[in-house]
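Structure first, commentary second.
The values are calculated or read from the model by the stated rules, or taken from the named source; none is laboratory data. Predicted model only: the values in this text are computed from it and were never measured. In this analysis, Cβ positions are derived from the backbone assuming ideal geometry, glycine residues included, and neighbour counts consider all displayed protein chains. Accessible surface is based on the protein model in full, side chains and every heavy atom, while ligands, DNA and RNA are left aside. Shrake-Rupley method; radii C 1.70, N 1.55, O 1.52, S 1.80 Å.
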Amino acid sequence: MPAEHTPLLADLRLDPPGPVRTATLWAVLATGLLSMLLLGDGLALNLLIVAVPATLAAYFAAQKGGRRPRPWSLVWAVGGLGLLVVPALRDAGWPSFLAIVSALALGSLALHGSRTWTGILLSPLGIFDAIFTGVRWGWRGVRERGGGARGAGPVLRAVAVTAVLLVVFGALFAGADAAFADLLGDLIPDASVSGSPWRVLLLVMGVVGALAVAHTAASPVRWDRLVVNPGRARGRVEWALPLIVLNVLFAAFNVVQLTVLFGGYDTVLDKTGLSYSDYARQGFWQLLLATLLTLVVIVFALRWAPRDGAQDRTLVRAVLGTFCVMTLVVVASAVRRMDMYVEAYGLTRLRISVVSVELWLGVIVLLIMAAGIWGAQWLPRAVAASAAAGVLAFGLLSPDALIAERNVQRYEETGKFDFDYTRQLSADAVPELDRLPEPERSCALKEIVDGLESDGEPWFATSLGESRARRIIEERPVSVDPGFCGESRDDPYSSY
């Protein structure tokens, strides 16, 4: 007799969710309707508005399943919603994209309650696994409430009739009074027939996504049950000798770096024959890669570390602690090299991004050192929280505005300005670029202003950065002869 087939995640998932609550269905419906009405014009505050009923759907489903929110789950949920503030504030797409992806990751952690490295890395897969099961679960709930005087059917019909009446009489009043039509245009999303297929798709995506989230909250996949066996412990000499030699190499390198960091540039540059900026650029990428490889070495060193008693634990802490301290000096050297290069050629998106990554890697090293003292049970969640906090800070600080501010400051000090690169920035840079004198101001702002649509987007799809830029341009319009604004790229490595 053939063996019965067992689903892949059957051993990892909790008991199947019970019947779906009416409150969950209403929250799912609200998510779908808001997605249809708000998300078709771009992403800004509307994304946070849509996320609120989806979060409520998850809360109602978890409550029905007997799950109570734990402190870390609340941290992930609040952090995910906080990250969705970034698209509402910033016009630049790249920090907003990072914030949205990070918000989805934190949402998956809140739903699954994962604690281990495996659980944190695999949590997002649980939501995708629940897409089809969530739809079936929700449909059963709708069918159960479809009949009877107290069922959902009469309520849904009442909602449909109300919507039709509002559309009909709203259109009549808008046609009768222009001021009322303008008011409706500002408050109500565009629901024209030409955009109907796209709106319907957004409705379906909102409903399906909310059902997947609610189903996951009611019956999450317990990824923490996947056990990764520890590596075979090595002998003290076999384990420690390579790391001690590596520590000596790091120490020798760091002695040179500390000399440079404390002002020994002239001696080093005379010996190497490199310019100030070339010396900074030459070493940054190597040091960034060295930091990444250091974390890989630490992971494998912990996996194969001797663990027979107190002496082994002391050896591991001493060797890896020294290694982490040496790595922090490498991180400081890499950041200082990039600072030198920015002083010479200005700030760009790539430069500010890689420095942010290097600083985050330094934070991870500090967390590893803390875990060596107080235990590593909290380390996976702390690393995930540090990544989310870094993305949130990155978005709130407005990298495009920082780039513009640094380059305007450089122009004031040296008279050099890369107009060609500045034209690629978003509306977030407008307040800083507005400080330039004319005609340089108009040259820097011209293409950014051309990228702003004349009519603008609805209030819920317009970021604070774009709104602020529009006000500045309205007060001081851009006016310059197009032939006057030539390319001025003084940075031979502008793409870097």
R0 of 56 Å, Cβ-Cβ distance residue 325-residue 22: FRET efficiency to nearest 0.05: 0.45
Accessible heavy-atom area order of 224, 450, highest first, probe of 1.4 Å: 450, 224
Cα gyration tensor shape for region 47-121, rounded if a/c is under 1.5, else prolate or oblate: oblate
Taking 0.36 nm per residue of separation between residue 115 and residue 412 and subtracting their Cα-Cα distance, the length gained on full extension comes to 101.9 nm
Which FRET efficiency value, to the nearest 0.05, do you get for residue 479 and residue 201 by plugging their Cβ-Cβ distance into 1/(1 + (r/R0)^6) with R0 = 30 Å? 0.10
Under a Cβ-Cβ cut-off of 14 Å, what is the net charge of the residues other than residue 330 that fall near it, where Lys and Arg count +1 and Asp and Glu count -1? +1
Given 209-222, 70-83, the highest-first ranking by average Cβ count within 10 Å works out to 209-222, 70-83
Could you pull the accessible area for residue 417 with a 1.4 Å probe, rounded to 10 Å²? 10 Å²
Shape of region 290-355 from its Cα gyration tensor (a ≥ b ≥ c, root eigenvalues): rounded if a/c is under 1.5, otherwise prolate when a/b > b/c, or oblate? prolate
At the level of C-alpha centres, the distance separating region 352-388 and region 37-78, in angstrom, is 27 Å
Would you check the accessible area of residue 369, probe 1.4 Å, heavy atoms only, in square angstrom rounded to 10? 60 Å²
Residue span residue 339 to residue 252: 0.36 nm per residue of separation minus Cα-Cα distance leaves a gain in nm of 29.0 nm
So how exposed is residue 22, as accessible area in Å² (1.4 Å probe, rounded to 10)? 60 Å²
Subtract the Cα-Cα distance of residue 232 and residue 311 from 0.36 nm times their separation in residues, and report this length gain in nm to one decimal. 26.7 nm
What is the packing order of peptides 391-402, 197-208, taking the mean over residues of other C-beta atoms within 10 Å and listing the highest first? 391-402, 197-208
Euclidean distance of C-alpha centroids, region 121-141 and region 421-462, integer Å: 42 Å
With +1 at each Lys and Arg Cβ and -1 at each Asp and Glu Cβ, the charge dipole magnitude of region 373-460 around its Cα centre, to the nearest 20 debye, comes out at 580 debye
